[in-house]
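Reading through the structure tokens given below for one structure.
The values are calculated or read from the model by the stated rules, or taken from the named source; none is laboratory data. Remember, predicted model here, so these are calculated numbers, not experimental data. Every residue, glycine among them, receives a Cβ derived from its backbone with ideal geometry; neighbour counts consider all protein chains shown. Note: areas computed on protein heavy atoms with side chains; ligands, DNA, RNA excluded. Shrake-Rupley method; radii C 1.70, N 1.55, O 1.52, S 1.80 Å.
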Amino acid sequence: MRKTDSIFLLPLFETYNCDQIPELKIRLKPHAASIVLGQAALESGWGSSRFFKEGNNVFGIWSYNAGEDRIQAFVGRDSTNIYVRSYSSIEESVNDYFQTIARVNAYKEFRQERLTIEKPLELIPFLNRYSELGEIYTDKLKQLIETNDLTKYDSYVIKNEYFVEE
């Protein structure tokens, strides 16, 4: 690795909890828009949840750090308070979602499988640890994606109007 490469790569290695380029590539690979949209709809109640309205939390990301902005959700089974993160913008929430999927060990199998599985609906079972509901959650997510035909967005790309091919 050249010195100039390290200026770029070292912060990425730190952000994504890895130290090798092949692993970084796995962590940075995006997944299908249908899954992202489906999880956003499910977790935010189609934008109607208190956590979305008060804290721009699109994906129901929990907070375990008292030092970060957060909203109390409810009291858990063992009488502990449950919190979700509060974000200054939807963009911050989306970025955190992708970093969470890329970093957290619970999604390691999902990250590996998305390298070879091309059909988004086949990837959904690997998100069973996203929610305490497990398979019930993944079944709901799959049904939401199918019912709303969200897979039609998987082939969409953002066109840069300033990019001109010569």
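A few notes on this one:
- Within region 10-25, considering residues that are of a type outside the set (D, E, K, R), open to solvent by 50 Å² or more (accessible area, probe 1.4 Å) and in a loop (DSSP other than H, G, I, E, B), the one farthest from residue 101 (Cα to Cα): 20
- If you go through region 134-147 and keep only what is open to solvent by less than 90 Å² (accessible area, probe 1.4 Å) and closer than 19 Å to residue 46 by Cβ, you end up with 137, 138, 139, 141, 142, 144, 145.
- Only residues that are free of Cβ contacts under 8 Å to residues at least 24 places away in the same chain and assigned to a helix (DSSP H, G or I) were counted across region 82-105, and they come to 3.
- Check on residue 35, of a type outside the set (D, E, K, R) and under 28 Å from residue 122 (Cα atoms): yes
- Filter result (open to solvent by 20 Å² or more (accessible area, probe 1.4 Å) and either among the hydroxyl-bearing types (Ser, Thr, Tyr) or in a helix (DSSP H, G or I) (or both)) within region 51-61: 51, 52, 53, 54
- Any hit, region 106-115, residues being basic (Lys, Arg), part of a helix (DSSP H, G or I) and within 25 Å of residue 11 (Cα to Cα): yes
- For region 116-136, a residue qualifies if it is touching a residue at least 12 places away in the same chain (Cβ under 8 Å) and either in a helix (DSSP H, G or I) or basic (Lys, Arg) (or both), and the qualifying residues are 120, 121, 123, 124, 125, 126, 127, 129.
- Region 26-50: number of residues that are part of a loop (DSSP other than H, G, I, E, B), open to solvent by less than 50 Å² (accessible area, probe 1.4 Å) and not hydroxyl-bearing (Ser, Thr, Tyr): 4
- Test: residue in region 86-101 that is under 23 Å from residue 12 (Cβ atoms), over 15 Å from the mean Cα position of the chain (by Cα) and small (Gly, Ala, Ser): yes
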